[in-house]
Amino acid sequence: MMSKTDIGILLLSSASLAVAGCGGGGGGTEPTPPPTPVNAKPAVQAIADQALTIGDSVEVTVSVSDTDATDTHTLSASVSNEAAATVAVDGMVLTINATDSGVATVTVTATDSSGRDNDTSDPATFDITVASESGWVRGVFEEASVFRNSCAVPRSGADPSTGLDYVDRQGTTRDENNWLRSWSDHTYLWYAEIEDTDPDCCDTPTYFELMKTTQTTPSGAEKDRFHFSMDTEEWNELSQSGVSPGYGARFAVLARRPPRDIRVAYTQPNSPATHPDAAFVRGTKILAIDGVDAVHANSRAEVDVLNAGLFPSEPGEEHRFTVLDPGSSVRRTVTLRSASITSDPVQHVRVIDTDTGPMGYLLFLDHIATAEKRLVDSITKLAEDEIEDLVLDLRYNGGGYTIIANQLAYMIAGASAAQGHVFSELRFNDKHTVFNPVTGEVLRPSLFRTTGVGLSVAQGEPLPTLDLDRVFVLTGPGTCSASEAIINGLRGIDVEVVLIGETTCGKPHGFYPADNCGTTYFTVQFEIVNGAGFGDYAGGFTPDNAASADGVPVAGCAVADDFDHAFGDTHEARLNAALGYRSDSSCPEPPDMAGNTVLANVDSLEGGLLRSKMHGLTIPQDVVAPSG
């Protein structure tokens, strides 16, 4: 019995025969020649990845499979990163030369010698990883935790800030640099703009300076002006208790190059600077230190002497100062002995009686842990005095804990304006759009904080409020970071901010301090925006009656700093301007402050220029006092 298939074959065969028999006369068409076989596509066999060191050369033999055993083949090869490696072809052999650190992908194809269709293989790829002698591969990063606490000089014993033993282990400078490299690539806001550098290149302080963007702003300024490190013990003392070596005087520079003009910006109570033997006051002019002319000196050796005198590195140092007091023409010479100075972050709190009601004044100097209680106590007192306006003096406040900025903004605005609203939001680099890369928490906006956080006020304790819809803020180039967050946060809930002074420093960014091997590093990790989503103030906030190329204009008056009057004195230029603006919205004539910028919170004179290390210590909103 035949199947359907068999029938089909028979019918086809019969039809073929019938066609072949047509035409009579015995003639027929020429038989169709069999088709030419299609050449089979060759295949390049898998090639193993290669790991080389800069300067190495290796030969790789390529195998090609082909169903036509008679075919020969021609190889072609290309490399994705010729800076890292080059590839040359000789017959069936690839010669790879490793030229620089990095990773490259090699693509290989084989072509049949017949040249017919389908004669080129699919591409085969393999990777070449080129390392330096130290093992560094450009663009390849291990987890920072692999290198953390591997120290060239490990610490031993107990950490005084926690009471727990240090976890340092023996390592190398290369390990410390590798930690900086991986940590920066993971958390730095502009990580893609870091030029990847061999961790074996240099010492750790130098390497850290390389771990930042080299780009500049449209005006030519450094894009990242806030990259610094400091000794961990020094940072812990300063951030938690405000303790640092010094005299209790902060210096400001009105003229940065010789002839220099160095003044006392402010003093700390009960410090060597305010002892009757020294009697430094705001505006005291520094003429000489240890016999070196502070006004005209400019050699490296002379500047080193000035640095040593202005910024003692430890308690117990003695330095001789020649000074000129405000309003005096008589020089005097005093000897100061440095001590461990405890900063009082809130000073000169007072109420000013005016024809239109009481106005409060408060000098706020540091967003350190002790400021939480000092601010709560001060705001409580001002609230009891029923002030109707507040002058918040931030001219020398370089930043610190932004949770304190959050709390102070709430205490100014009050519950009806701020409670339940967003104070700020952190935005990290594009690797971290959902989770905070440091804490691991889900990213969410920070609401105005209505209670203590445990820095120096009990956690959960309700904060006092002034319930103001306007605040006057005295500013300068030293108004930075967390201080600017107060301005931006209040503007985000439509509290009127009036600026009196100069353009602020322009730091809408922040960082989590990170300790490794006894050094605490600060690298820009996030930008801060307010409840309205605004954070574009890298050029600072500036009073709107004086144009600034980069600054964000804010209602107010440009007023030069006044070293001839004390803080809280109604004749002091900036406070006086605030009182005038409050009366009739008028401003004094804007000063010409070009080339005469006041800088404060400094710790070094370098090359005759003022340089600040402690400029804007921004710590995220969720940081509270360390346990233990």
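The values are calculated or read from the model by the stated rules, or taken from the named source; none is laboratory data. Quantities reported herein were computed from a predicted structural model and do not represent experimental measurements. Every residue, glycine as well, gets a Cβ built from its backbone with ideal geometry; the counts of neighbours run over all protein chains shown. Calculation scope for accessible area: heavy atoms of the full protein, side chains included, ligands and nucleic acids excluded. Shrake-Rupley method; radii C 1.70, N 1.55, O 1.52, S 1.80 Å.
Before moving on, here are some points about what is shown:
- Given (1) out of contact with any strand residue (DSSP E or B) (no Cβ under 9 Å at 6 or more places or on another chain); (2) modelled with pLDDT under 90, number of the condition residue 243 does not satisfy: (1)
- Scanning segment 80-110 for residues that are surrounded by 18 or more Cβ atoms within 10 Å (Cβ to Cβ) and of a type in the set (A, V, I, L, M) yields 84, 85, 87, 94, 96, 98, 103, 104, 106, 108, 110.
- Looking only at segment 469-521, residues that are closer than 30 Å to residue 151 by Cα and not aliphatic (A, V, I, L, M) come to 12 in all.
- All of (1) more than 18 Å from residue 522 (Cα to Cα); (2) more than 19 Å from the chain's Cα centre (by Cα); (3) open to solvent by 70 Å² or more (accessible area, probe 1.4 Å) hold for residue 216 with one exception: (2).
- Residue check for residue 160: open to solvent by 40 Å² or more (accessible area, probe 1.4 Å), under 17 Å from residue 520 (Cα atoms) and modelled with pLDDT under 95: yes
- Taking every residue in segment 311-335 that is modelled with pLDDT of 95 or more and pairing it with any residue that is of a type in the set (Asp, Glu), at least 6 positions away or on another chain, the pairs with Cβ-Cβ distances below 7 Å are 319/290; 320/290; 334/277; 335/318.
- The set of residues from segment 516-527 being open to solvent by 10 Å² or more (accessible area, probe 1.4 Å) and either within 24 Å of residue 410 (Cβ to Cβ) or polar (S, T, N, Q) (or both) comprises 519, 527.
- All positions within segment 416-437 that are open to solvent by less than 40 Å² (accessible area, probe 1.4 Å) and either acidic (Asp, Glu) or out of contact with any Gly (no Cβ under 9 Å at 6 or more places or on another chain) (or both): 417, 428, 429, 432, 436, 437
For (1) in contact with a strand residue (DSSP E or B) (Cβ under 6 Å, 6 or more places away or on another chain); (2) in contact (Cβ under 8 Å) with a residue 60 or more places away in the chain, each residue gets a yes or a no:
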site	(1), (2)
124	yes, yes
128	yes, yes
135	no, no
143	no, no
147	no, no
153	no, yes
158	yes, no
172	no, no
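- Out of 293, 353, sole residue that is closer than 30 Å to residue 385 by Cβ, out of contact with any strand residue (DSSP E or B) (no Cβ under 7 Å at 6 or more places or on another chain) and at pLDDT 95 or above: 353
- Flag if residue 225 is within 30 Å of residue 279 (Cα to Cα), modelled with pLDDT under 95, open to solvent by 60 Å² or more (accessible area, probe 1.4 Å) and out of contact with any Pro (no Cβ under 8 Å at 6 or more places or on another chain): no
Every residue, every condition in (1) modelled with pLDDT under 95; (2) of a type in the set (Asp, Glu), yes or no:
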{"site": "68", "(1), (2)": "yes, yes"}
{"site": "72", "(1), (2)": "yes, no"}
{"site": "84", "(1), (2)": "no, no"}
{"site": "89", "(1), (2)": "no, no"}
{"site": "98", "(1), (2)": "no, no"}
{"site": "108", "(1), (2)": "no, no"}
{"site": "117", "(1), (2)": "yes, yes"}
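- Looking only at residues in segment 498-515 that are open to solvent by less than 10 Å² (accessible area, probe 1.4 Å) and among the β-branched types (Val, Ile, Thr), the one that is modelled with the lowest pLDDT is 504.
- Evaluation of residue 278 against (1) more than 33 Å from the chain's Cα centre (by Cα); (2) at pLDDT below 95; (3) open to solvent by 40 Å² or more (accessible area, probe 1.4 Å); (4) not acidic (Asp, Glu) (one fails), failing number: (3)
- Meets criteria (of a type in the set (Gly, Ala, Ser) and without any contact (Cβ under 8 Å) to a residue 24 or more places away in the chain) for residue 399: no
- Pairs where the first residue, in segment 536-559, is without any contact (Cβ under 8 Å) to a residue 40 or more places away in the chain and surrounded by fewer than 17 Cβ atoms within 10 Å (Cβ to Cβ) and the second is small (Gly, Ala, Ser) and in a loop (DSSP other than H, G, I, E, B), C-beta under 9 Å, 6+ apart: 553/547
- In segment 305-335, of all residues being assigned to a strand (DSSP E or B) and among the hydroxyl-bearing types (Ser, Thr, Tyr), the one that is least open to solvent (accessible area, probe 1.4 Å) corresponds to 322.
- Selection status of residue 301, at pLDDT 95 or above and assigned to a helix (DSSP H, G or I): no
- Qualifying residue in segment 465-476 (condition: touching a Cys at 6+ places or on another chain (Cβ under 8 Å) and open to solvent by 20 Å² or more (accessible area, probe 1.4 Å)): no
- Single residue of 366, 353, 377, 389 found to be at negative phi, in contact (Cβ under 8 Å) with a residue 60 or more places away in the chain and either open to solvent by 40 Å² or more (accessible area, probe 1.4 Å) or under 31 Å from the mean Cα position of the chain (by Cα) (or both): 366
- Count of residues meeting criterion [over 15 Å from residue 83 (Cα atoms) and either in contact with a Pro (Cβ under 9 Å, 6 or more places away or on another chain) or of a type in the set (Val, Ile, Thr) (or both)] in segment 40-57: 2
- Within segment 285-299, restricting attention to residues that are more than 19 Å from residue 337 (Cα to Cα) and touching a residue at least 24 places away in the same chain (Cβ under 8 Å), the residue that is most open to solvent (accessible area, probe 1.4 Å) is 296.
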